[in-house]
1. Name the helices (runs of 4 or more DSSP H) wholly inside segment B:100-187 in which the number of residues that are within 14 Å of another protein chain (Cβ to nearest Cβ) is 1 or more.
2. Hey, among B:Ala25, B:Ala47, which residue is within 21 Å of A:Ala22 (Cβ to Cβ) and more than 8 Å from chain A (Cβ to nearest Cβ)?
3. For segment A:135-154, indicate whether the set of residues that are free of Cβ contacts under 8 Å to residues at least 12 places away in the same chain, open to solvent by 60 Å² or more (accessible area, probe 1.4 Å) and either in a helix (DSSP H, G or I) or in contact with a Pro (Cβ under 8 Å, 6 or more places away or on another chain) (or both) is non-empty.
4. For segment A:104-134, what are the residues that are assigned to a loop (DSSP other than H, G, I, E, B) and either within 14 Å of chain B (Cβ to nearest Cβ) or away from ligand 2 (no atom under 16 Å from the Cβ) (or both)?
5. Of the conditions (1) over 17 Å from B:Asp51 (Cβ atoms); (2) within 8 Å of chain B (Cβ to nearest Cβ), A:Val8 clears all except one; give me its number.
6. Residue by residue through segment B:188-202, note down the ones that are part of a strand (DSSP E or B) and touching a Lys or Arg at 6+ places or on another chain (Cβ under 7 Å).
7. If you take the residues in segment B:222-258 that are among the small types (Gly, Ala, Ser) and in contact with a Phe, Trp or Tyr (Cβ under 9 Å, 6 or more places away or on another chain), which one is nearest to B:Gly268 (Cα to Cα)?
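The values are calculated or read from the model by the stated rules, or taken from the named source; none is laboratory data. Treat the numbers as computed from the prediction; the structure is a model and nothing was measured. Here the Cβ positions follow ideal geometry from the backbone for every residue, glycine too, while neighbour counts run over all protein chains shown. Only protein heavy atoms, including side chains, enter the accessible area calculation; ligands, DNA and RNA are left aside. Shrake-Rupley method; radii C 1.70, N 1.55, O 1.52, S 1.80 Å.
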Amino acid sequence: MREVVEKVDLAFEVNGDSVRLAVSPDATLAEALRDDLELNGTKTGCEEGECGACSVLLDGKVVNSCLVLALECGGKSVVTIEGLAREGRLHPMQEAFVNHGAIQCGYCSPGMIMTAYALRLENASPTEAEVRRALEGNLCRCTGYRKIIDAVLSLNNGESRHD
Amino acid sequence: MSAMKMYQAPRTLEEVMRAAGETGATIFAGGTDLMPRWSKEIVPRPAAVVDIKAIEGLSGIEVTDGEICIGACTLMSGLDESAALRRAAPILAEAASRIACPQIRNRATLGGNLCNASPAADTAVPLIALDAVVDVAAPGRAGATSREVSITDFFQGPGKTALEPGEVLTRVRFKRPAAVATWAWEKFGTRPAMEIAVASVGVIVEASDGVIERARVAYGSVAPTPLRGHGAEAALVGRRLTDETIGGCVAAARGEISPISDVRASAGYRREMVGVMLRRMLEDARGG
Ligand SMILES: Cc1cc2nc3c(=O)[nH]c(=O)nc-3n(C[C@H](O)[C@H](O)[C@H](O)COP(=O)(O)OP(=O)(O)OC[C@H]3O[C@@H](n4cnc5c(N)ncnc54)[C@H](O)[C@@H]3O)c2cc1C
Ligand code: FES
Ligand code: FES
């Protein structure tokens with residue numbers, strides 16, 4: 001149980017929408033997304049930076065939302081897994097994960113997909129070694145990683161519909 | 001349970017020092033050392049934190065012919081991606097690129113890595129090898145004053161630095177290594193990804209006609225602080241890289257470190273690994 005403290009206003013952008021919230025000073029970005037905005041696609045596992053389940057984009061860079069204070073995000077832009085689909089159609093990275101069986105229990109998938117998405121913003125056709133390095137901070141207890149890596153690599157040749 | 005009641009992100013150093021000095025707010029940079037400790041309740045959350053990332057001039061890398069100057073809030077990803085730093089001081093760019101994963105490197109700052117003062121801080125070993133100094137801003141009556149501290153004096157023990165309460169590390173500076181200098185840095189961990197160093201070694205050597213004129217050796221995770229290898233350096237300077245020199249240097253290194261046994265490795269294993277890494281680096285430096 002945490003002591004109740006006075007909440008503070010926070011204005012930022014989430015998945016393209018302007019959002020205003022009142023958060024406690026010690027709330028993490030992961031907590032603000034999940035508890036206040038009910039964007040529960042972002043998962044938390046370890047809450048100490050080890051597992052990557054909470055990965056989101058903050059001003060275009062992938063970060064662990066469990067290690068960001070919500071109040072740090074004032075005026076910034078956040079993209080979560082809920083922000084990738086367009087007009088009811090999955091993003092190509094999401095489709096690739098589905099098509100390659102890269103999802104089993106699915107707990108790691110939002111974080112994996114956000115990290116892989118961030119990689120491709122900077123490197124449109126990563127090598128396998130680059131994909132493996134980019135995903136070093138994302139744990140998966142089910143798939144053995146091979147299918148995840150194949151899914152990410154499959155976009156190198158495919159065409160991307162959104163970007 | 002403690003609660004954090006205040007978060008501030010001022011734009012000036014004076015405001016940070018006031019918050020940190022007078023109200024005891026915890027200085028907050030990337031939060032990658034601080035926040036895991038709070039979420040696991042290893043330490044209580046402080047009542048107030050003061051974020052230093054909005055301060056102008058605390059981020060960025062300046063490379064001139066003579067000197068390299070890096071702001072405390074420069075990210076590990078910034079060090080990794082800087083082409084200028086890769087050219088001028090690749091030993092530091094390489095160490096930064098091997099910290100954790102992209103998510104952490106996009107948040108972790110150079111200043112935080114040093115101020116956290118872990119014996120395993122990965123940027124400390126290259127910075128000792130580069131003979132770096134840090135600039136520390138101290139609160140003074142007429143605004144902030146600045147003092148310079150050598151990187152070896154900065155580390156005083158596990159989690160302990162030369163910083164007084166309210167002081168802020170603002171920059172890290174070092175002379176650009178000679179173009180002829182050869183360098184090596186390696187960390188050894190228990191797995192290839194997301195590893196905290198079991199032991200690490202950094203070396204910068206300048207030789208002329210095969211004779212070593214200047215050597216800097218540093219170790220991580222094998223003493224209460226990141227450590228400069230004075231003994232190993234003395235075993236190199238004035239000599240050629242013969243088998244005998246390398247053997248002498250390795251023996252000196254094994255003698256001057258004081259590793260402990262913990263969850264990651266035993267003291268004996270750490271001592272062995274420092275010897276192995278240093279020997280390989282010196283053999284590589286002479287070409288086999
Ligand atoms: C999953 C994970 C993996 C990691 N892997 C590695 C690794 O491989 N190698 C490694 O070296 N580290 C590693 N770390 C540790 C951490 O990421 C680094 O030490 C990082 O550089 C800390 O910087 P920060 O900006 O996040 O510090 P913060 O957490 O913000 O601060 C750390 C400490 O320094 C103080 N401080 C910060 N900046 C200043 C300043 N400018 N002046 C005065 N005081 C200041 C703070 O008050 C605090 O006490 C890892 C951490 C995690 C969570
Ligand atoms: S929950 Fe954030 S990294 Fe594990
Ligand atoms: S699919 Fe279950 S953890 Fe990755």
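1. Qualifying helices (runs of 4 or more DSSP H): B:102-105, B:110-115.
2. None of the others qualify; the one that does is B:Ala47.
3. Yes - at least one qualifying residue is present in segment A:135-154.
4. Matches in segment A:104-134: A:Gln104, A:Cys108, A:Asn123, A:Ala124, A:Ser125, A:Pro126, A:Thr127.
5. A:Val8 satisfies all of (1) over 17 Å from B:Asp51 (Cβ atoms); (2) within 8 Å of chain B (Cβ to nearest Cβ) except (1).
6. B:Ala199, B:Ser200
7. If we take residues in segment B:222-258 being among the small types (Gly, Ala, Ser) and in contact with a Phe, Trp or Tyr (Cβ under 9 Å, 6 or more places away or on another chain), then B:Ala253 is nearest to B:Gly268 (Cα to Cα).
Table: residues versus (1) open to solvent by 10 Å² or more (accessible area, probe 1.4 Å); (2) within 16 Å of ligand 2 (Cβ to nearest atom); (3) touching a Gly at 6+ places or on another chain (Cβ under 9 Å); (4) on the phi > 0 side of the Ramachandran plot.
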site	(1), (2), (3), (4)
B:Arg107	yes, yes, yes, no
B:Ala129	no, no, yes, no
B:Thr190	yes, no, no, no
B:Val205	yes, no, no, no
